[in-house]
Every structure is written in structure tokens, then in C-alpha cells.
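Asker: Sharing a structure here in C-alpha cells format.
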Amino acid sequence: MSASLNEQVSSQGLGNILGGLGISHDPGTWFTTVYSAAEVVGMAMAPWLSVTFGMKRFVLIVALLTVLSSFPIPFIHNLTLLYGMRILQGVSGGCTIPLLMSIALKVLAPPIRLYGLAAYALTATCFPYLSTSLAGLWTDLVSWRFIFFQSIPLGAMAMALLNFGLTDTEPKLERLKERSFHLSTVLIIITMPAIVVLLAQGDRLDWFNSPLISVCALVAVVGLPLFVMNEIKRKEPFFRFSLLKRRNFLYSIVALQIFVMLSISSSAIPSQFLTAVAGYRPEQTYLVTAIIACLQLVFLPLMAIILNYEWVDSRIVSFLGLVCLISACCANSFVSAEWNRNQFYFWQAVQGLAGAMIVMPILMGATNAVMPQEGPYAAGMVNAPRAIMQVAGTWLVQLAFHWRGSLHSSRLTDWLGLHRYSLFQGNNPAWQHPAPLTPTGQTRTAGAVAALAKQLHHQVTVLVIEDLFMIIIMLAAFLLLWLLIVPVRAYPPRIALASPPPGPVTTPNTSDK
């Protein structure tokens, strides 16, 4: 929870943070980019390092680093030092989520594993939506500094609970001597941040017209295949790619990454609309996302109870969840400039139900496909791509506003020019919306042209929002097709992972007598 809120709340309150620290826009874009780049590295390496240094020891260090790297940030005004603290914060935050999954796979017995997975699913379906509420609370009602101070009580509570409930394991420091370990580490530290920078900064820097983006693309294209080949050869790899031969694990990996992209339909897109068109502050938009956050506390345990029945097919639950998601996106695609948060409430609740119905079968299928000793390899493979896809979701929104926004703006401006004497200059028959210029070319009222430009911008934003919902529908349709083709029936962990009864195994006599 602490790690998720560190990332999400700081992104939501970025404008207030940059204003408080006196940072301009361009350096401010790197404030989130360096965190995301470091987070991917932490997610990729944390499960392997926890086995190497001992689970309890490593988890406590990570929790302490999360606190120590967060609370000094409001007092730092040097950009280099600020980026360094954000890198430490990103590494520690990235380590926590896969460690949570590794611990769950290790300590949760099959009869209660689904309920533990419901708690893990909160990192994907609850805390990101809760961040908008907290961002509004801290920035509008208290102080933006509490965006970073909030990690202190949460981190202290986490360390106390981990120290009490987690048993330590013997470190295996000999794993550090493996030669291929050093190559994989270098490739992770170089390649994965390059992918994040490529996605996060590409649109702002005009893609391959920027030397930095060109270098990042080259590093990603060369480094990623080298990393995969080196991991396949390793005895104790960060990622065990042979797990992808198991159909349910392959389905879950791909489905979870697409689900992360789909989640922007109920978080980033409505928030973008309410901020840009309706003029809402975070304090006013929080109810739209808080609905989903609160409903997850009900829907996730409910899905755990439902999936625990042997007769329930998790594939059907996922199918129904995707249908609900597509229905909500279809309804939201009729958005107009007159909408406000009231029009989103019902469909946000539908998407909250859809998220729980999609993510719980994904996690059940993934964890049933691996043994407890394979948990660290699975945790890294699940979470590192997930961090990249979170950045890809932001990139998708930026790309849509850049390309589709330019198209819609050009078309609306052309339409305004073609009908100049009825919409822009002249006597408009619609007295409620008079043309900003009189027939003689004089300004009708002060600020009339600026008001028309604002209306034009609002209409462009609405059209881009509609396009984004249609893109989400296409992604959901692909996931629906993936669901129908790849996975096989997954039973509840209490059945799928049940230990065989002790005693000699008897072979029934099938001969005819």
C-alpha cells in the first residue's frame, strides 16, 4: 500500500509538487520518469535478491528504504539530489510488490490462498484509485508535503508486522558469484529503464528526432534479446522463461499486462475529462475513482469466495468481467462536454465489478501454474512487465491527445472557417451562443474570442476521450479472444494444489475376471 500510494499520489499531485519545489515543466516530467524507471529495476530483481540475502532481512531493508527515501523529498531543491532520491524511492517501491506476491505464494496454504490473492489484487485495483482521493486531501486541504510524509506511518506499520510475522531464511550468497548474474544485472539496469524513458519521454522529445530517444530505442532493441538469451542459460535466473510453456501462466502474464492498460478507462481517462473539460480539482474528482477503490474491498473477497467453489469456471467469470468492462466503455464513449462526474458514477461501479472479475481469475491461474519454490521467478515475470505497462498506459493517453487531438483540432478549425459567417463572425441565429465577432469584424463582447477557443479545446478533448474509450474496447476485445484460445480450466487452489494422501499408492485392477 505504501509503495503504490507513493507512486500514484505523487503522479496525481505532480503540479503541486513541482510548484512547491520551484521546478519547471520539462525537469518536472523526469520526476515521474526516473521513479518509473527505477521501479521496473526493483520489480525485476527483488524476488531473486530476497532469496539470495534472506527474505525477512531483505524485506525489512526495503521497507526502511521506502521511508528514508520519501520524507526528505519536500526539502530538496537540488535537481540532481532530487532525482537521486526518486531513484531510491522507485527501487524500494518496485521491490515491495513482487515481494508481497513471493511471500503470499510461500506462506499461504492452498485453502486460504485465494483470500491472500485478493489482498494482493488491491495493489492493482484499489490503491491506484484511492490515490486520487489522497491527492485531493493532501494538495487541496492539508499540504502537498504529506504526499511524501504519508509513507512514514505506513512504513513503520509494515516493518513492525513483517518483523513479527515473517520468518527469516538462510541467505544464499554464493549465487552472487555466478558470472551470468552480473551480465543479467547490467542488462536489467540498462535495458528496462531505457524502455521506460522511451515510452515516457518519447512524445515530448519528438521521438526519433531526439538523440536520447534514439539511443534508448537502440538499447532496448539490442539489450532485451540479450537478456532473454542470458536468462535461458542461467541456472538461477531472475526470470524463468520456461514457465511460459504452461498455458495458464502464459495467459495470465499477457492478460495482466493488458488489464493494466484497460484500467486507465476508469482512472486516467475520466480524471482527464473532469480536469480538462469540467474544470475539476482533485478534491472534486476523487469521488469518481473512490467508488472503485471502495467497491474493491467488497468485490475482491466476494470473487475469492465465488472462485473457491469447484463448479465455478474462472474463465466464465473473466468473460463476464470483460463484457461488463466493454459495456461500461461503450456507455462512456457517448461522453459530451455537458457531462460531469454524476454521469460517470454508475459505470464506474460497473467497471469496479469488472476489474475484480478479471484480475482474480488471472491471479488464480498464474499462481496455480507454479510451485511455491518457483514463486520468486513467477513474481518477477508478473510484476516487471506490469510496471512497464503502467507507463505504456500513460504513453497511450499522450499519443491519443497528440495525434487524434491534432486531427480533431484541424477538422473543427476547418469547419469553423467554412461556416465563419454563422459561427465566428455575423449574427448567429442561436442567441444563446452568439458569434464572437459582429458582421463588421468587431469583438461582440470582451473575451468572446477566448471563450470560443476554450469551447473548441473542450470539444477536441471530448473527441479524444471518445477515441480512447474505443481503443480500450478494442484491447478488451483482444483480451476476450485471448481468453477463448489460451487458458485451460483452473480449479481453486485448495483442489489444484491439494497434497496427495499419505501411504502407498495402489493401482486399481482393471483386468476382467
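Asker: From the list 476, 400, pick out the single residue that is modelled with pLDDT of 85 or more, over 30 Å from residue 115 (Cα atoms) and touching a Leu at 6+ places or on another chain (Cβ under 6 Å).
Answerer: Only one candidate passes the filter, namely 400.
Asker: Checking residue 258 against (1) within 21 Å of the chain's Cα centre (by Cα); (2) surrounded by fewer than 23 Cβ atoms within 10 Å (Cβ to Cβ); (3) under 24 Å from residue 460 (Cβ atoms), only one condition comes out false. Which one?
Answerer: Only one criterion is unmet by residue 258, namely (3).
Asker: For residue 343, only one of the following conditions fails: (1) touching a Leu at 6+ places or on another chain (Cβ under 9 Å); (2) over 24 Å from residue 482 (Cα atoms). What is its number?
Answerer: Among (1) touching a Leu at 6+ places or on another chain (Cβ under 9 Å); (2) over 24 Å from residue 482 (Cα atoms), the lone unmet condition for residue 343 is (1).
Asker: Please go through the range 485-499 and pick out each residue that is in contact (Cβ under 8 Å) with a residue 12 or more places away in the chain, surrounded by fewer than 16 Cβ atoms within 10 Å (Cβ to Cβ) and part of a helix (DSSP H, G or I).
Answerer: Correct list: 494, 495.
Asker: Condition test on residue 123, is it farther than 26 Å from residue 285 by Cα, of a type in the set (Val, Ile, Thr) and in the same structural domain as residue 386 (by TED's automatic domain parsing)?
Answerer: Against the criterion (farther than 26 Å from residue 285 by Cα, of a type in the set (Val, Ile, Thr) and in the same structural domain as residue 386 (by TED's automatic domain parsing)), residue 123 does not qualify.
Asker: Just the residues that are surrounded by fewer than 21 Cβ atoms within 10 Å (Cβ to Cβ) and touching a helix residue (DSSP H, G or I) at 6+ places or on another chain (Cβ under 7 Å), please, taken from the range 101-119.
Answerer: Across the range 101-119, the qualifying residues are 104, 106, 108, 110, 111, 115.
Asker: Scan the range 57-104 for residues that are part of a helix (DSSP H, G or I), more than 18 Å from the chain's Cα centre (by Cα) and among the polar types (S, T, N, Q) and jot them down.
Answerer: 66, 80, 102
Asker: Can you find, within the range 471-483, the residue that is surrounded by the most Cβ atoms within 10 Å (Cβ to Cβ) among those that are more than 19 Å from the chain's Cα centre (by Cα) and either in contact (Cβ under 8 Å) with a residue 60 or more places away in the chain or not assigned by TED's automatic domain parsing to the domain that holds residue 337 (or both)?
Answerer: 483
The values are calculated or read from the model by the stated rules, or taken from the named source; none is laboratory data. Please read these numbers as outputs of a predicted model, since none were measured by experiment. Backbone-built Cβ (ideal geometry, glycine too); neighbour counts: all protein chains shown.
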